[in-house]
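I have a structure I would like to understand better, so I am pasting it below and will then ask my questions one at a time.
The values are calculated or read from the model by the stated rules, or taken from the named source; none is laboratory data. Predicted, not measured: the structure shown is a model, and the values here were computed from it. Don't worry about glycine lacking a Cβ; one is built from the backbone with ideal geometry, like all the others, and counts go over all protein chains shown.
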There are 2 protein chains.
Amino acid sequence: MQAEILSVGTELLLGDTIDTNASTISRALAEMGVSLTRRVTVGDNRERLLDALRSAASRADLILTTGGLGPTPDDLTKECIAEAFGDRLIEDPQAAETLREFFARRGIPFAQSNRKQALLFESGFGLPNPNGTAPGAVMEKERLIVICLPGPPREMIPMLENSVVPYLRRKLGQDAQVLRSRFLRLVGIGESSASELAGELQESENPTVAPVLRGMEPSFRITARASDAATAESMVAEMEARVRVRIGDYVYGTDDETLESVVIDELRRRQRTAGTAESCTGGLIGHRLTNIAGSSDVFLGGIVSYSNDVKESLLGVRAETLSLLGAVSVETAAEMAAGVRRSLGTSYGLSVTGIAGPGGGSAEKPVGLVFMAVADDRGTVTERHQFGGSRPDIKQRSSQAALNLLRKRILGKIE
Amino acid sequence: MQAEILSVGTELLLGDTIDTNASTISRALAEMGVSLTRRVTVGDNRERLLDALRSAASRADLILTTGGLGPTPDDLTKECIAEAFGDRLIEDPQAAETLREFFARRGIPFAQSNRKQALLFESGFGLPNPNGTAPGAVMEKERLIVICLPGPPREMIPMLENSVVPYLRRKLGQDAQVLRSRFLRLVGIGESSASELAGELQESENPTVAPVLRGMEPSFRITARASDAATAESMVAEMEARVRVRIGDYVYGTDDETLESVVIDELRRRQRTAGTAESCTGGLIGHRLTNIAGSSDVFLGGIVSYSNDVKESLLGVRAETLSLLGAVSVETAAEMAAGVRRSLGTSYGLSVTGIAGPGGGSAEKPVGLVFMAVADDRGTVTERHQFGGSRPDIKQRSSQAALNLLRKRILGKIE
C-alpha cells in the first residue's frame, strides 16, 4: 500500500496555521508500515484540488485528506473527490440525524448549509466525529481508498486513532501482526537530557524507544511488534524495565496519565483533599486539576491571589512578610500554602508565587523566578525554580513543577 | 509570480519532524503578495524528487526548497535540480573557503564529502548561511527561479529574512504587490452561522473574506492586494465595514486581540478592576486573564469554589440557595459574583457555575448546563447556557461566554 496525504486549506498556504495533522498522520502510517511517499498542500480551490487528487491517485492507492469538510462554500474536499473519481455524494440519514441532534443539544439553529456535512460517498461510509459537526468519510473505489478527515487536530486525532488506524490495519491484514505501545511520562527533566540518559536503547529496532514531546512535556514511546499480543506486551514490559533503570526517577506515569490525573488519583486513593493558592499561574493549576473528571471529590478549590491585598485578606500572608521579603519569596510561598490549607480545610495546600514576565523582573528577582510550597499536617516543603521562556511558558512550567512537588509530597518522596 | 514550496526529507514523511519551515516561508510569501498555490513534501529519493521538481516547474515560476543540502549521500536537492532543469553544479571557490574556515574554527576535520556543500548552480549564485555549513543556492534559468534553503529552522529562518525576501522583493520590482490582512475575531456565534451571515461577501476575489478557526473561536480574515500599502489598507477597511454591517454584533476585536486581552484593556481604560468566582471552569478564566502581560493592574484574583463549602465560606453564597436551588443555578451564580466582588473589593465580580461532565448531569440539569453572572455597582446580570462537547470543551466554552458577558457589561451593552 502506497499513501499520500493531501492537506486542504488556504490558511495553510498563507502560513497562518502550521500543518501538524500531516505529521500526526505520517507517524501513524509509519507505525503501520505504510509507505508514505508524498504530502501535498493546496488551498480551498476547486481546480487545484481536483488536479492534486487526480495526480495523487496516479501514484498512490491510499489518499488521506484533512480539511475542507465544513459547512461553508469554501469546503470542497468531498465534492471534488466525488468529481475526480466518478463517485456520488448522498445524504446519510444517520449522519444528518446526528448533526441535527448536535445542534439541538446546543440550542443553535440548524443552518441549511450544515446539511452538506451529512453527505457521504455512495461507494463508502462515514467515520464518527465525537468532537465536531463534520463526520469523516471513506471512499473505496476499485483499487483506490480515499479517507477524508476534518482539519481541527482535536477532531482529527481521535478519529485517526479510533477509526482510521483500525480500518487500515484490517485492510493491511495486520490483524495478524500486533503492535503494542507504551508511553513513559516524564517530569523534572528536559528532552535532550532524557535522551542522553536513555542512550543506545533508542537505537533498538524492535521494540523501538523514541522520545516524544506532549506539549512541553517529554515522554518516551516504547513500541513492539509481534505475532501475538502477549509477546508484544512482554517485549514492551522488558524494554520499559530497562528504560526505567536509567530514568525511572523522572517517570511520573504512563500512557494517557497526566501529572494532574496522577495527583487526583493519589489523593483519591488516600482519601485526602487539596486546595491551591496561585499567584503567577493565575488559575492554571486549578484549571489543570479540574480537567480531570471527578476531581471535585478531592480538589476543593483555590484562591487566585494576584494582588497582595488578596494574599493578606484571603490567605493570611503577613503584611511584614510581603513588605520585607516581597510577594515573590520562599516565605510568602510557604504562608500562602499554609493559608489556603487553613482557609479551605484541605489535607494539602499548594502555592505558587513568581514573576511570569515579561515585565516585573529585577537583577535580584529576575523574570522566571518562581517559589512554590506544599503545606500538610507534617509541615511545609518549598522549592525555588528559575524558568526560562515566554510568559505562557513560565506559567506552564510553574504549574508542572508545582503539581510535581505536590505529587512527591503525597507519595512521601520529600520530607 | 506563482510559487510552490518543496520540502525534502524522509524525516518529514515519517512524522518525526513537523514542517514549520513550510509555514514560515508561506507567511513570508503572503506578505510579499506572492501567490503560493501548492506545497509538496517528498523524501530523500532521487526519482520522486525529480518528478516533484518537474511537475512544480510546469505550474510555477518560483520554487523554494528546504532540506537536502547536507554532505551525506541522502542529500540530493541541488543535484536533482541541476538534472531536472539542465543546469550544472560547479564548486564555488568562496563557498569552499568559507566551509574550510568553518571547520577549522571548530577544530573539526574537513571531510571530503563536505566539499559537496560548496557546489552552486552555474546559472545562479549562493546565499550565505551564518548558522551552519550548507550555504543556500539560487538557480535562475529562463523564466524559472529555484531557491534552495537548508532544513534546520535556525539556519533557514535568518537566510529567508536576510537573503531571500530582499532578493524576491527586487525581482518583484515595481510589480511588487502589497498584501494587507485583518482578522475580525468573533464571539457568541458558530463558524457556520457566521459564514451564512457573511454570505456572498466570501465570494469576493480582492479583498478576500475567509472564515478561519483559532482554536474553537471563529474569525474572518480579510485580505486585499494592491500596488501600494495605502490602497490595500483602504480596501481592507471598506470590506471590514461591509462585514461588520452583517456580523458586527459578534466582533469583539481584531488581529492579535483575544477576548481576555480586550477585557483587560477595557478595564484598564476605565481604571476598573475585576475578580473571578469559578466553579466548573476551575481556574481557566483566571488563567486566561493572567496570560495577558500586565493583567495584575486590573485583575486582582479569584476564588475557585469547587466545593459547596468554599462557595459558602469564601463567597458567602447562602446555605439555603445551595440546598434549595442547587450549586448549579442562576441564584448561586448571582451570589457568587456578588460575593467575590465584595470579598476582593473589585469593580466587577464574574462567576461561573455549571456541570462540565461527563458525570454529574441529570434530566433537569444536564451536562453542559452553565450559569454565569457579573456583579457591579449597578447590580447583577446573569446568563444561562447549554454547551455541548467534552469536559475540556465545556470548560473552554464557559470561559469564552463568561469573558464575553463581562466584556458586554463593561461596555454597557447589557443592562
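Only one of A:Pro150, A:Pro158, A:Pro93, A:Pro130 is within 21 Å of the chain's Cα centre (by Cα) and either over 30 Å from B:Gln396 (Cβ atoms) or crowded, with 17+ Cβ neighbours inside 10 Å (or both); which? It would help to see each step written out before you state the result.
Details: A:Pro158 fails: either over 30 Å from B:Gln396 (Cβ atoms) or crowded, with 17+ Cβ neighbours inside 10 Å (or both); A:Pro93 fails: within 21 Å of the chain's Cα centre (by Cα); A:Pro130 fails: either over 30 Å from B:Gln396 (Cβ atoms) or crowded, with 17+ Cβ neighbours inside 10 Å (or both).
A:Pro150 is the lone residue from the list that is within 21 Å of the chain's Cα centre (by Cα) and either over 30 Å from B:Gln396 (Cβ atoms) or crowded, with 17+ Cβ neighbours inside 10 Å (or both).
Just to be sure before I move on: is A:Gly412 part of a loop (DSSP other than H, G, I, E, B), surrounded by fewer than 24 Cβ atoms within 10 Å (Cβ to Cβ) and touching a residue at least 12 places away in the same chain (Cβ under 8 Å) in the structure I sent? Before the answer, list the steps.
On the way: part of a loop (DSSP other than H, G, I, E, B): yes; surrounded by fewer than 24 Cβ atoms within 10 Å (Cβ to Cβ): yes; touching a residue at least 12 places away in the same chain (Cβ under 8 Å): no.
No; evaluated as a whole, the condition is false for this residue.
Could you say which residue among A:Glu83, A:Glu97 is modelled with pLDDT of 95 or more and of a type outside the set (A, V, I, L, M)?
Exactly one residue qualifies, and that residue is A:Glu83.
Of everything in region B:310-329, what is among the hydrophobic types (A, V, I, L, M, F, W, C), within 19 Å of A:Leu344 (Cα to Cα) and in a loop (DSSP other than H, G, I, E, B)? Give them in sequence order.
Looking only at region B:310-329, we keep the residues that are among the hydrophobic types (A, V, I, L, M, F, W, C), and these are B:310, B:314-315, B:317, B:319, B:322, B:324-325, B:327-328.
Cutting the leftovers down to within 19 Å of A:Leu344 (Cα to Cα) gives us B:310, B:314-315, B:317, B:319, B:322, B:327.
B:Leu314, B:Leu315, B:Val317, B:Ala327, listed by residue number.
If you don't mind, there's one more thing I want to ask. Name the residue, out of A:Arg182, A:Arg169, that is in contact with a strand residue (DSSP E or B) (Cβ under 7 Å, 6 or more places away or on another chain) and surrounded by 15 or more Cβ atoms within 10 Å (Cβ to Cβ). Steps first, answer last, please.
Details: A:Arg169 fails: in contact with a strand residue (DSSP E or B) (Cβ under 7 Å, 6 or more places away or on another chain).
None of the others qualify; the one that does is A:Arg182.
Next up: Tell me, please, whether a residue that is in contact with a Lys or Arg (Cβ under 7 Å, 6 or more places away or on another chain) and in a strand (DSSP E or B) can be found in region A:116-128.
yes
A follow-up question, please. Does any residue of region A:45-53 turn out to be facing chain B (nearest Cβ under 9 Å) and within 28 Å of A:Ala210 (Cβ to Cβ)?
No, that holds for no residue.
Let me ask you something else. If I filter region B:159-181 for residues that are among the polar types (S, T, N, Q) and modelled with pLDDT of 90 or more, do I get at least one hit? Steps first, answer last, please.
The initial filter retains those residues of region B:159-181 that are among the polar types (S, T, N, Q), namely B:162-163, B:174, B:177, B:181.
Within this subset, residues satisfying the condition of being modelled with pLDDT of 90 or more are B:162-163.
Yes, that holds for at least one residue.
Give the residues of region B:277-295 that are facing chain A (nearest Cβ under 7 Å), among the hydrophobic types (A, V, I, L, M, F, W, C) and part of a loop (DSSP other than H, G, I, E, B), sorted by residue number.
B:Ala293
A follow-up question, please. Evaluate region B:214-221: report whether one residue or more is surrounded by fewer than 20 Cβ atoms within 10 Å (Cβ to Cβ), assigned to a helix (DSSP H, G or I) and at pLDDT below 90.
The answer is no, given that none of the residues of region B:214-221 is surrounded by fewer than 20 Cβ atoms within 10 Å (Cβ to Cβ), assigned to a helix (DSSP H, G or I) and at pLDDT below 90.
Restricting attention to region A:263-304, and to residues there that are under 17 Å from B:Asp309 (Cβ atoms) and polar (S, T, N, Q), which single residue is surrounded by the most Cβ atoms within 10 Å (Cβ to Cβ)?
Per the criteria, the residue is A:Thr276.
Another question, then. Mind checking which residues of region B:130-155 are aliphatic (A, V, I, L, M) and at pLDDT 95 or above?
Quick first cut of region B:130-155, residues aliphatic (A, V, I, L, M) only: B:134, B:137-139, B:144-147, B:149.
Within region B:130-155, B:Ala137, B:Val138, B:Met139, B:Leu144, B:Ile145, B:Val146, B:Ile147, B:Leu149 qualify.
For region A:96-118, how many residues meet the condition of being closer than 28 Å to A:Asp19 by Cα and either facing chain B (nearest Cβ under 10 Å) or surrounded by fewer than 21 Cβ atoms within 10 Å (Cβ to Cβ) (or both)?
Start the filter on region A:96-118 by keeping residues that are closer than 28 Å to A:Asp19 by Cα, which leaves A:99, A:102, A:113-118.
From what's left, either facing chain B (nearest Cβ under 10 Å) or surrounded by fewer than 21 Cβ atoms within 10 Å (Cβ to Cβ) (or both): A:102, A:113-117.
Looking only at that region, the number is 6.
Here are some conditions: (1) aliphatic (A, V, I, L, M); (2) within 12 Å of A:Ala277 (Cβ to Cβ); (3) within 14 Å of chain B (Cβ to nearest Cβ). A:Ala373 meets all but one. Which one does it not meet?
Going through the list (1) aliphatic (A, V, I, L, M); (2) within 12 Å of A:Ala277 (Cβ to Cβ); (3) within 14 Å of chain B (Cβ to nearest Cβ), A:Ala373 breaks only (3).
Starting from residues that are surrounded by 24 or more Cβ atoms within 10 Å (Cβ to Cβ) and of a type in the set (Ser, Thr, Tyr), keep the ones in region B:1-55 and report whichever is nearest to B:Thr65 (Cα to Cα).
B:Ser7
Residues in region B:131-139: is at least one out of contact with any Leu (no Cβ under 6 Å at 6 or more places or on another chain), hydrophobic (A, V, I, L, M, F, W, C), farther than 30 Å from A:Ala3 by Cα and outside any loop (DSSP other than H, G, I, E, B)?
Within region B:131-139 (the criterion being out of contact with any Leu (no Cβ under 6 Å at 6 or more places or on another chain), hydrophobic (A, V, I, L, M, F, W, C), farther than 30 Å from A:Ala3 by Cα and outside any loop (DSSP other than H, G, I, E, B)), the answer is yes, since at least one residue qualifies.
Cβ-Cβ below 6 Å, separation at least six or inter-chain, first residue in region B:354-370 and more than 8 Å from chain A (Cβ to nearest Cβ), second surrounded by fewer than 22 Cβ atoms within 10 Å (Cβ to Cβ) and of a type in the set (Gly, Ala, Ser): which pairs?
Close Cβ pairs (under 6 Å, with a partner that is surrounded by fewer than 22 Cβ atoms within 10 Å (Cβ to Cβ) and of a type in the set (Gly, Ala, Ser)) amount to B:Ile355/B:Gly361; B:Val367/B:Gly357; B:Val367/B:Gly361.
Moving to a separate point now. In region A:19-37, is there at least one residue being touching a helix residue (DSSP H, G or I) at 6+ places or on another chain (Cβ under 6 Å), closer than 23 Å to A:Ile157 by Cβ, more than 8 Å from chain B (Cβ to nearest Cβ) and modelled with pLDDT of 95 or more?
Yes - at least one qualifying residue is present in region A:19-37.
Okay, next question. Looking at region A:296-337 only, could you name the residues that are away from chain B (no Cβ under 11 Å) and within 30 Å of B:Ile355 (Cα to Cα)?
A:Met336, A:Ala337
Given the condition surrounded by fewer than 20 Cβ atoms within 10 Å (Cβ to Cβ) and in contact (Cβ under 8 Å) with a residue 60 or more places away in the chain, answer yes or no: does some residue in region B:196-212 qualify?
no
Kindly establish whether A:Glu140 is under 27 Å from A:Met235 (Cβ atoms), free of Cβ contacts under 8 Å to residues at least 40 places away in the same chain and more than 23 Å from the chain's Cα centre (by Cα).
no
Spot the failing condition for B:Glu233; the list is (1) surrounded by 15 or more Cβ atoms within 10 Å (Cβ to Cβ); (2) within 13 Å of chain A (Cβ to nearest Cβ); (3) assigned to a helix (DSSP H, G or I); (4) among the charged types (D, E, K, R), and only one is missed.
(2)
Starting from residues that are touching a residue at least 60 places away in the same chain (Cβ under 8 Å) and hydrophobic (A, V, I, L, M, F, W, C), keep the ones in region A:185-195 and report whichever is surrounded by the fewest Cβ atoms within 10 Å (Cβ to Cβ).
Top of the filtered list is A:Ile189.
Filter region A:255-267 down to residues that are modelled with pLDDT of 95 or more and within 14 Å of another protein chain (Cβ to nearest Cβ) and give me whichever is farthest from A:Gly339 (Cα to Cα).
The residue in question is A:Thr258.
Can you tell me which residues in region B:198-208 are at the interface with chain A (Cβ under 10 Å from one of its Cβ atoms) and aliphatic (A, V, I, L, M)?
B:Ala198
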